[in-house]
1. Given B:HIS178, B:HIS154, which one is part of a strand (DSSP E or B) and surrounded by fewer than 16 Cβ atoms within 10 Å (Cβ to Cβ)?
2. Condition first: closer than 19 Å to A:TYR275 by Cβ, loosely packed, with under 14 Cβ neighbours inside 10 Å and not hydroxyl-bearing (Ser, Thr, Tyr). Now tell me which residues in the stretch A:353-366 satisfy that.
3. Based on this model, can you work out whether B:GLU378 counts as within 14 Å of another protein chain (Cβ to nearest Cβ) and on the phi > 0 side of the Ramachandran plot?
4. Condition (residue is within 30 Å of A:SER162 (Cα to Cα) and assigned to a helix (DSSP H, G or I)) applied to the stretch A:25-36: is it met by at least one residue?
5. Condition first: more than 10 Å from chain A (Cβ to nearest Cβ) and touching a residue at least 24 places away in the same chain (Cβ under 8 Å). Now tell me which residues in the stretch B:305-319 satisfy that.
6. Only one of (1) within 14 Å of chain B (Cβ to nearest Cβ); (2) out of contact with any Pro (no Cβ under 9 Å at 6 or more places or on another chain); (3) surrounded by fewer than 21 Cβ atoms within 10 Å (Cβ to Cβ); (4) without any contact (Cβ under 8 Å) to a residue 12 or more places away in the chain fails for A:SER381. Which number is that?
7. Taking interchain pairs and intrachain pairs at least six residues apart, which have beta carbon atoms under 6 angstrom, with the first residue in the stretch B:321-334 and hydroxyl-bearing (Ser, Thr, Tyr) and the second surrounded by 24 or more Cβ atoms within 10 Å (Cβ to Cβ)?
8. Consider A:VAL119 carefully, then state whether it is in contact (Cβ under 8 Å) with a residue 60 or more places away in the chain, away from the ligand (no atom under 16 Å from the Cβ), outside the structural domain of A:GLN78 (by TED's automatic domain parsing) and of a type in the set (Val, Ile, Thr).
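The values are calculated or read from the model by the stated rules, or taken from the named source; none is laboratory data. Please read all numbers here as calculations on a predicted model, not as lab measurements. Counting neighbours? That spans all protein chains shown, and the Cβs are built from the backbone with ideal geometry, glycine included.
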Amino acid sequence: MSDLQTFREETRDWLETNCPPEMRKPGDICWGGRNPSFSHPDQEIWLEKMGDKGWTCPTWPKEYGGGGLSYEENKILQEEMSAIGARSALGSFGIWMLGPALLEFASHEQKLEHIPNIVKGKIWWCQGYSEPGSGSDLASLSTKAVLEGDEYVVNGQKIWTSNANYADMIFCLVRTGPQDPKHEGISFLLIDMDQPGVEVKPIKLISGKSPFCETFFTNAKAPKENLIGTLNEGWTIAKRLLQHERSMISGMGLGSGNSGQKSKTSALAQLGKKYAGSNKENKLSDSILRTKIAKHDLNSRAFGLTLQRMGEEMKSGGPSATASISKYYGTEQNKSRYELMLEAMGTNALGWEGEPFSAEELAITRDWLRTKGNSIEGGTSEVQLNVISKRVLNLPDK
Amino acid sequence: MSLLLNEEQQFLKDTAKEFLQKNAPISHFRDLRDSKDENGYSKEIWKKMAELGWAGILVSEKYGGSEFGMMGLGGILEETGRTLVPSPLFSTALIGVSFLELAGTENQKNEYLPKMASGDLTTAFALEEGPRHSPVNVSTQAKRKGKDYIINGHKTFVLDGHSADVLIVAARTSGETHDEGGITLFLIDKNTNGLNIERTHMVDSRNSSEIYFKDVVVNEGSILGAPDTGYPVIEEVLERAQIGLSSEMLGSALEAFERTLEYLKERKQFGSVIGSFQALQHRAAIMFTELELTKSAVVGALNAVDENSNDRARFASLAKFKAGETLHLVSNEAVQMHGGIGVTDEFDIGFFLKRSRVAEQIFGSSDYHIDRYATLSEY
Ligand SMILES: Cc1cc2nc3c(=O)[nH]c(=O)nc-3n(C[C@H](O)[C@H](O)[C@H](O)COP(=O)(O)OP(=O)(O)OC[C@H]3O[C@@H](n4cnc5c(N)ncnc54)[C@H](O)[C@@H]3O)c2cc1C
């Protein structure tokens with residue numbers, strides 16, 4: 001038996017023994033933190049088991065608490081987890097964004113301090129990039145950090161900070177050097193949210209939910225050990241982290257791209273049949289909708305294969321500018337999937353609350369509104385196309 | 001399943017690129033077109049292709065082939081799409097060989113496959129009877145008479161029909177037009193009495209023909225496979241053909257795109273290269289993204305054939321759909337982004353537009369495959 005086959009069997013056995021029954025059903029994913037909330041006791045058990053094994057971050061080095069798995073081993077782990085319907089034990093910006101950047105740019109001491117806590121879900125991280133005057137033009141940011149003695153004193157405002165109202169710490173882009181050239185005076189700083197100098201105000205979205213906030217810094221403090229990488233060279237880290245963010249977000253484009261394992265019919269097509277009906281030949285009755293859904297499914301399939309192919313090409317190298325391709329396509333695809341759900345469901349998808357709408361229908365309506373943010377967060381679709389033009393196709397600036 | 005070429009397949013593709021760029025660049029295709037070459041392709045180039053082993057890639061080793069599979073052939077077809085070189089590769093090495101490998105009797109395999117692998121015998125597949133792809137639209141009749149069959153009817157858009165040595169003909173031996181049952185495949189020599197083959201001149205200047213059958217008499221020994229059961233074989237071969245053609249179309253799309261990208265970096269207006277204009281940059285980025293998706297769909301499909309995946313049918317539609325959409329988009333944008341020069345005959349970019357539309361129609365347009373995919377997915 002090959003090493004990988006042995007690994008597969010061991011993994012299967014371990015999951016069988018350790019994955020609690022409740023965690024083999026779909027449901028919410030735990031975000032950890034200093035004061036974690038668990039929607040079910042099994043969630044806590046699952047987080048502890050997976051965190052101890054480092055399998056919340058399977059490919060990170062063992063030295064810092066990660067799983068130390070190779071690309072192939074991780075693929076097997078994911079396959080075995082999905083085979084029993086196991087959900088992720090932990091989700092967080094620490095896993096998807098900060099951790100990979102720390103592994104690449106932080107000192108050994110900084111890694112020892114922060115990475116094991118990400119793996120075990122002990123700290124909830126949020127992202128302090130955008131400001132009221134600096135969105136797509138992120139490098140124009142103006143939140144200032146000044147070194148006074150052994151700590152940085154931070155003043156300024158961030159906006160659209162997802163989950164700032166729950167987060168324990170924030171990874172922040174701050175200006176520590178000159179405004180011009182704008183990319184050269186930026187540093188990457190970790191700031192504790194639990195202090196008087198930090199204030200957050202939730203912002204309400206068109207979906208009615210408040211997943212993000214305004215974040216105000218008034219003489220907020222951060223020890224100087226919390227500066228990652230070199231002073232004034234934080235932009236390199238910022239961009240790299242964005243690539244990780246983009247490749248993470250792009251996964252949502254797979255939504256209905258069924259891999260042909262369980263049902264041949266995509267969830268989207270099933271929904272279409274449910275609301276629009278089928279004819280005698282078991283085809284979706286609304287032939288125009290059927291065409292649109294099939295086209296969407298085909299593109300999802302091609303997109304899924306593309307993510308797989310890019311993964312194989314990069315192996316352990318991590319994402320590159322090609323992350324912009326998947327960020328752009330994945331988010332546009334996710335938006336179009338929800339538009340098609342609305343089209344299929346008619347007025348049943350347009351309720352805001354109460355009767356006669358089912359909970360599932362109301363959720364779809366709200367989620368549809370949420371998807372509009374997909375092509376904005378992490379850099380807009382237009383910005384992704386700019387990155388592809390410039391970094392991948394090498395088209396010049398004017 | 002891996003979506004990357006292995007070393008052997010990559011080597012084959014690299015060799016093909018080198019050979020074609022040197023021996024059969026687009027100017028070679030232009031020469032054939034301008035000289036109204038009677039054959040429609042260069043026999044000399046085909047001989048060299050066969051020497052490189054391309055004609056026998058799908059042929060079993062015991063009949064003189066290499067069994068390199070669709071991943072191997074796909075890489076080569078992609079490169080032929082770049083230079084638009086016409087050759088019997090598609091009709092013979094892919095379609096003809098697949099028919100014999102999948103349905104031929106031992107005798108037929110012995111008779112045909114070695115000659116096909118060496119490039120000495122070419123075939124054409126006579127299927128369509130109308131202007132839009134429909135594999136069940138077969139009304140050409142083959143009536144049994146003793147040990148013979150007498151064939152009457154008309155086939156259209158037969159690729160390589162006028163140059164092939166042997167025709168593979170789908171004819172009806174029972175049932176009605178549009179029935180899947182009752183279709184029989186025949187191997188018919190081009191010199192058989194009663195055959196009238198007329199070359200068609202298509203917009204892409206590639207080989208195609210109309211074939212008229214008037215009391216064509218063939219022996220029952222020329223049946224490929226068994227009578228009345230040709231349809232499943234046709235389906236399987238069509239899937240391979242759709243996937244192989246998608247590789248070729250991907251190559252054409254990549255070439256048209258890369259030529260356009262070069263032009264964007266070269267042509268100046270308003271004091272800047274036109275590639276600095278965001279209106280063009282974003283369209284280029286979208287094309288690039290679509291090309292990446294197409295690559296994945298095509299390689300996934302090639303792989304599905306080699307691995308004998310039970311999802312091969314849907315993969316074939318995925319590849320042809322995506323290749324059709326992308327080549328359509330890129331060939332249009334390529335012309336537009338070249339401005340006036342893009343619509344001149346002297347400039348090569350228009351060849352991709354012309355080839356695109358014909359290739360899109362061959363064995364099902366993107367719309368055809370959207371419908372087929374939905375049906376195969378049970379909705
Ligand atoms: C759901 C959600 C969650 C978010 N979470 C976070 C978070 O946790 N932390 C954080 O820091 N930020 C977060 N953001 C902020 C996000 O990164 C910004 O909204 C985004 O970068 C766009 O900036 P902006 O909103 O200022 O839009 P603008 O930059 O003002 O853009 C407005 C429009 O102009 C277009 N545009 C701008 N520049 C160009 C150009 N050069 N070429 C062509 N078009 C251009 C844009 O594409 C857009 O259509 C979140 C956003 C959303 C929607």
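1. B:HIS154
2. Listed by number, the residues that qualify are A:GLU355, A:PRO356, A:ALA359, A:GLU360, A:ALA363.
3. Yes: the conditions hold for B:GLU378.
4. no
5. Step one: of the stretch B:305-319, the residues more than 10 Å from chain A (Cβ to nearest Cβ) are B:305-308, B:312-313, B:316.
Once the filter is applied, which keeps residues that are more than 10 Å from chain A (Cβ to nearest Cβ) and touching a residue at least 24 places away in the same chain (Cβ under 8 Å), the stretch B:305-319 yields B:VAL305, B:ASP306, B:GLU307, B:ARG312, B:ALA313, B:ALA316.
6. Result: A:SER381 fails condition (4) only.
7. That search, which allows pairs on different chains as well, returns B:THR326/B:ALA253; B:THR326/B:THR294; B:SER331/B:ALA256; B:SER331/B:PHE352; B:SER331/B:SER356.
8. Yes, satisfied.
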